[in-house]
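Working notes, structure below.
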Amino acid sequence: MSGSGTSRSFTDLFSRLGARRPGEPAAALETGVDDDSVCPTKALRKFLSCLTARESPVLLDLGPVVGSNVSFFGEQLGCKIFVEDLYADLERHIRRNALEELPAFLARRFPQADETVDGILCWDLLDYLDRPAAQALASELTRLLRPDGALLGFFGTAQPSETHYTKYVVVDETSLRHRPYPAARGRQGILLNREIIRMFEGLRVSDSFLLKTNLREILFRKPGDPASEPAGS
């Protein structure tokens, strides 16, 4: 497995967390979770369908460790999952007053080789990054994704008054529990569609859904054969 100290295969991570019955809460893993709500997701099922045909797909999760998510994706995909908590990385840079270092940090953050990841759960991380850091991260994620791989990202369409991150806890293929937890700063502005598409040059938008929760869910795919893609796709 990759040499990153924060990367863990599904088997290693699940054994560390301990087996948990499907209905058992993971409260010990999720702090600051009093004000949570269950919301619909339209893109998650499509993300899963992109990966289920693959044998032992590799999944990269950019959020904090959520035990029930590890169980869900392991059971649904039989995957190897790497959890890389970039929200924690962002917090460290904010508290050290070192945000100018973040783009360079993200550009070397992932030890995986090119095109070795089948699926990426980006959640809403890009909304919390300054533009240079967001671009550095998007370029790295594009590098990691295999041809025909899928990336799922959430993007806010309205500036919230609260300052917090959100853990997205999978309830099922059509529902996510939004679980807020403390953040040193809030979203850094609303990304326009054209900005998002430009940021992920090399990927194409497969599906896009505007939800009543003021989130836009975008599913990106990496073309399997660039020569076969129609012009402008």
Conditions (1) touching an Asp or Glu at 6+ places or on another chain (Cβ under 9 Å); (2) modelled with pLDDT under 95; (3) more than 20 Å from Val205 (Cβ to Cβ) -> Leu106 fails only (2)
Scan the range 165-188 for residues that are touching a Phe, Trp or Tyr at 6+ places or on another chain (Cβ under 9 Å), in contact (Cβ under 8 Å) with a residue 12 or more places away in the chain, outside any loop (DSSP other than H, G, I, E, B) and exposed (fewer than 15 other Cβ atoms within 10 Å of the Cβ) and jot them down. Pro182
Among the residues that make up the range 98-109, is at least one of them part of a loop (DSSP other than H, G, I, E, B) and more than 18 Å from the chain's Cα centre (by Cα)? yes
Any residue at all in the range 142-158 that is polar (S, T, N, Q), assigned to a helix (DSSP H, G or I), surrounded by 14 or more Cβ atoms within 10 Å (Cβ to Cβ) and within 14 Å of the chain's Cα centre (by Cα)? yes
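Is one or more of the residues making up the range 51-59 surrounded by fewer than 16 Cβ atoms within 10 Å (Cβ to Cβ), touching a helix residue (DSSP H, G or I) at 6+ places or on another chain (Cβ under 8 Å) and either modelled with pLDDT of 95 or more or not in a loop (DSSP other than H, G, I, E, B) (or both)? Explain how you work it out, then say what you get.
First pass over the range 51-59, keeping only residues surrounded by fewer than 16 Cβ atoms within 10 Å (Cβ to Cβ): 52-53, 55-56.
So of that shortlist, the ones also touching a helix residue (DSSP H, G or I) at 6+ places or on another chain (Cβ under 8 Å) come out as 52.
Next, from what is left, pick out any that are either modelled with pLDDT of 95 or more or not in a loop (DSSP other than H, G, I, E, B) (or both): 52.
Checking the range 51-59: at least one residue is surrounded by fewer than 16 Cβ atoms within 10 Å (Cβ to Cβ), touching a helix residue (DSSP H, G or I) at 6+ places or on another chain (Cβ under 8 Å) and either modelled with pLDDT of 95 or more or not in a loop (DSSP other than H, G, I, E, B) (or both).
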Looking only at the range 195-227, and only at residues there that are in a loop (DSSP other than H, G, I, E, B) and within 16 Å of the chain's Cα centre (by Cα), the one that is farthest from Arg131 (Cα to Cα): Lys222
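Results for (1) touching a Ser or Thr at 6+ places or on another chain (Cβ under 9 Å); (2) under 23 Å from Gln76 (Cα atoms), shown as yes or no for each residue.
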| position | (1), (2) |
| --- | --- |
| Ser161 | no, no |
| Tyr168 | yes, yes |
| Leu176 | yes, yes |
| Ala183 | yes, no |
| Gly189 | no, no |
| Ile197 | no, no |
| Glu201 | yes, no |
| Arg204 | yes, no |
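Which one of Val66, Val83 is under 19 Å from the mean Cα position of the chain (by Cα), at pLDDT 95 or above, closer than 18 Å to Thr174 by Cβ and of a type in the set (Val, Ile, Thr)? Quick ask: steps written out before the conclusion?
On the way: Val83 fails: closer than 18 Å to Thr174 by Cβ.
Within the list Val66, Val83, the selection yields Val66.
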How many of the residues making up the range 154-171 are out of contact with any Lys or Arg (no Cβ under 9 Å at 6 or more places or on another chain) and not aliphatic (A, V, I, L, M)? 4
Within the range 91-113, restricting to residues that are under 15 Å from Leu137 (Cα atoms) and touching a strand residue (DSSP E or B) at 6+ places or on another chain (Cβ under 9 Å), the one that is surrounded by the fewest Cβ atoms within 10 Å (Cβ to Cβ) is Gln112
Mind listing just one residue for me: the one in the range 123-138 that is in contact (Cβ under 8 Å) with a residue 60 or more places away in the chain and among the small types (Gly, Ala, Ser) and, of those, surrounded by the fewest Cβ atoms within 10 Å (Cβ to Cβ)? Ala134
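The values are calculated or read from the model by the stated rules, or taken from the named source; none is laboratory data. None of these values were measured; they are calculated from a predicted model. Don't worry about glycine lacking a Cβ; one is built from the backbone with ideal geometry, like all the others, and counts go over all protein chains shown.
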